[in-house]
Amino acid sequence: MSETVRLDQWLWAARFFRTRTLAKEAIEAGHVRCDGERCKVAKSVHAGMNLTVRRGGEEFAVVVAGLSTVRGGAPQAQQLYDETPDSTARREQARLMRQAAGPSFGNERPSKKGRRMIERLKRDWGQD
């Protein structure tokens with residue numbers, strides 16, 4: 001292993017992003033911060049560096065524990081970083097808040113049962 005690794009390669013190897021292109025886009029959009037500052041794609045990552053990664057609705061604060069340019073399985077990827085306890089607590093709190101808010105049905109299509117209920121409601125309103 002080398003002493004440093006490119007940031008986009010490390011994020012891909014640590015399985016924060018599915019592809020290096022997605023990692024690159026996230027870095028360029030400012031969703032990844034190195035020691036609290038915006039960074040570039042080719043930034044050298046070394047052990048002990050603090051990273052903040054925003055992915056979807058979650059934000060991870062991690063300390064780099066190992067380096068790799070090879071994408072392995074999830075157990076190997078989790079050994080590349082240590083998430084801070086504060087970050088874990090914030091993500092758990094956010095998960096509980098989302099769970100308490102209930103399901104969101106946004107842009108999903110209704111199920112067969114839901115369509116039948118909608119049709120019945122329309123039919124009943126039309127009879128008044």
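The values are calculated or read from the model by the stated rules, or taken from the named source; none is laboratory data. Note that the structure is predicted; figures quoted are calculated from it, not measured. Here the Cβ is made from the backbone with ideal geometry for all residues, glycine too, and neighbour counts use every protein chain on show.
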State yes or no: is Val41 assigned to a loop (DSSP other than H, G, I, E, B) and either touching a helix residue (DSSP H, G or I) at 6+ places or on another chain (Cβ under 7 Å) or aliphatic (A, V, I, L, M) (or both)?
-> yes
Would you mind stating whether Leu80 is closer than 27 Å to Arg20 by Cα, surrounded by 11 or more Cβ atoms within 10 Å (Cβ to Cβ) and in contact with a Gly (Cβ under 6 Å, 6 or more places away or on another chain)?
-> yes
Being in contact with a Lys or Arg (Cβ under 8 Å, 6 or more places away or on another chain) and either under 29 Å from Trp12 (Cα atoms) or without any contact (Cβ under 8 Å) to a residue 12 or more places away in the chain (or both), is that true of even one residue in the stretch 33-40?
-> yes
So Ser104, is it within 20 Å of Leu7 (Cα to Cα), at pLDDT below 95 and not basic (Lys, Arg) = no
In the stretch 55-99, residues that are under 16 Å from His31 (Cα atoms), in contact (Cβ under 8 Å) with a residue 12 or more places away in the chain and out of contact with any Phe, Trp or Tyr (no Cβ under 8 Å at 6 or more places or on another chain) total 4
